[in-house]
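Asker: Okay, handing you the structure first.
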Amino acid sequence: MRGVIKGVLAEELENSIRMKKEYEAALKKIPKGSLAIRKIRGHEYCYLAERVGKKVKYRYLGKISAAEKKKYQETTKMRAKYRHLLSRVKKQIKFLKGSLRGKQAI
């Protein structure tokens with residue numbers, strides 16, 4: 001017979017796995033790259049910095065509006081938020097799997 005605590009831990013593990021899938025799906029929806037603004041001779045030039053393999057590639061965007069700049073900054077913040085949440089839920093899954101591996105009923 002399965003212990004009460006192990007049942008709760010198993011349910012929490014299922015929730016954590018579901019949350020991990022949701023976070024990964026949300027990360028895939030967010031466009032890759034971050035906005036890099038360079039000032040050259042008093043003018044601002046906007047680039048989209050993306051990692052391709054080991055290299056960072058910069059794609060020129062031209063003059064963009066303040067709203068577009070804000071949009072790129074928000075996507076960068078959202079990506080960081082989801083990466084942090086994904087990291088935490090992965091640690092939680094590892095802990096729960098280890099807790100459920102025991103033989104005795106709790």
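Asker: Which one of these is closer than 26 Å to Arg83 by Cα and touching a residue at least 40 places away in the same chain (Cβ under 8 Å): Ile30, Ile37?
Answerer: Working: Ile37 fails: touching a residue at least 40 places away in the same chain (Cβ under 8 Å).
Just one listed residue meets the conditions, Ile30.
Asker: A further question on this structure: Restricting attention to region 1-30, which residues are under 18 Å from the mean Cα position of the chain (by Cα) and among the basic types (Lys, Arg)? Working first, answer last.
Answerer: Taking region 1-30 first, the residues under 18 Å from the mean Cα position of the chain (by Cα) are 15-30.
Correct list: Arg18, Lys20, Lys21, Lys28, Lys29.
Asker: Going residue by residue through region 64-81, is there one that turns out to be in contact with a Phe, Trp or Tyr (Cβ under 7 Å, 6 or more places away or on another chain), over 28 Å from Lys20 (Cα atoms) and not hydroxyl-bearing (Ser, Thr, Tyr)? Can you show your working first?
Answerer: Taking region 64-81 as the starting set, the residues that turn out to be in contact with a Phe, Trp or Tyr (Cβ under 7 Å, 6 or more places away or on another chain) are none.
No, the conditions are met nowhere in region 64-81.
Asker: Another question, if that's okay. Could you check region 17-46 and list, in sequence order, the residues that are aromatic (Phe, Trp, Tyr) and not in a helix (DSSP H, G or I)? Walk me through it before giving the result.
Answerer: In the first step, residues of region 17-46 are kept if they are aromatic (Phe, Trp, Tyr); the result is 23, 45.
Of everything in region 17-46, just one residue is aromatic (Phe, Trp, Tyr) and not in a helix (DSSP H, G or I), namely Tyr45.
Asker: Hey, can you tell me all the residues within region 32-47 that are surrounded by fewer than 11 Cβ atoms within 10 Å (Cβ to Cβ) and either over 25 Å from Glu68 (Cβ atoms) or of a type outside the set (D, E, K, R) (or both)?
Answerer: Ile40, Gly42, His43 - these are the residues of region 32-47 that are surrounded by fewer than 11 Cβ atoms within 10 Å (Cβ to Cβ) and either over 25 Å from Glu68 (Cβ atoms) or of a type outside the set (D, E, K, R) (or both).
Asker: Is it the case that some residue within region 48-65 is surrounded by 12 or more Cβ atoms within 10 Å (Cβ to Cβ), touching a residue at least 60 places away in the same chain (Cβ under 8 Å), closer than 24 Å to Arg83 by Cβ and among the basic types (Lys, Arg)?
Answerer: no
Asker: Do we find that Ser34 is under 30 Å from Gly3 (Cα atoms) and in contact with a helix residue (DSSP H, G or I) (Cβ under 6 Å, 6 or more places away or on another chain) in this structure?
Answerer: On the way: under 30 Å from Gly3 (Cα atoms): no; in contact with a helix residue (DSSP H, G or I) (Cβ under 6 Å, 6 or more places away or on another chain): yes.
Considered against the rule, which asks whether it is under 30 Å from Gly3 (Cα atoms) and in contact with a helix residue (DSSP H, G or I) (Cβ under 6 Å, 6 or more places away or on another chain), Ser34 comes out as no.
Asker: Tell me, yes or no, whether region 83-100 has at least one residue that is in contact (Cβ under 8 Å) with a residue 12 or more places away in the chain, on the phi > 0 side of the Ramachandran plot and not basic (Lys, Arg).
Answerer: Filtering region 83-100 for residues in contact (Cβ under 8 Å) with a residue 12 or more places away in the chain gives 83, 85-86, 89-90, 92-93, 96-97, 99-100.
Those left that are additionally on the phi > 0 side of the Ramachandran plot: none.
No: region 83-100 contains no residue that is in contact (Cβ under 8 Å) with a residue 12 or more places away in the chain, on the phi > 0 side of the Ramachandran plot and not basic (Lys, Arg).
Asker: Right, another one. Among the residues of region 47-93, what is the count of those that are among the hydroxyl-bearing types (Ser, Thr, Tyr) and either more than 24 Å from Glu24 (Cα to Cα) or part of a strand (DSSP E or B) (or both)?
Answerer: Going through region 47-93, the residues among the hydroxyl-bearing types (Ser, Thr, Tyr) turn out to be 47, 58, 60, 65, 72, 75-76, 82, 87.
Next cut, either more than 24 Å from Glu24 (Cα to Cα) or part of a strand (DSSP E or B) (or both) only: 47, 58, 60, 65.
Going through region 47-93 one residue at a time, the tally reaches 4.
The numbers here are math on the coordinates, done by the rules we state, and not lab data. Quick caveat: nothing in here was measured; it's all calculated off a predicted structure. Note: ideal-geometry Cβ built from the backbone for every residue, glycine included; neighbour counts use all protein chains shown.
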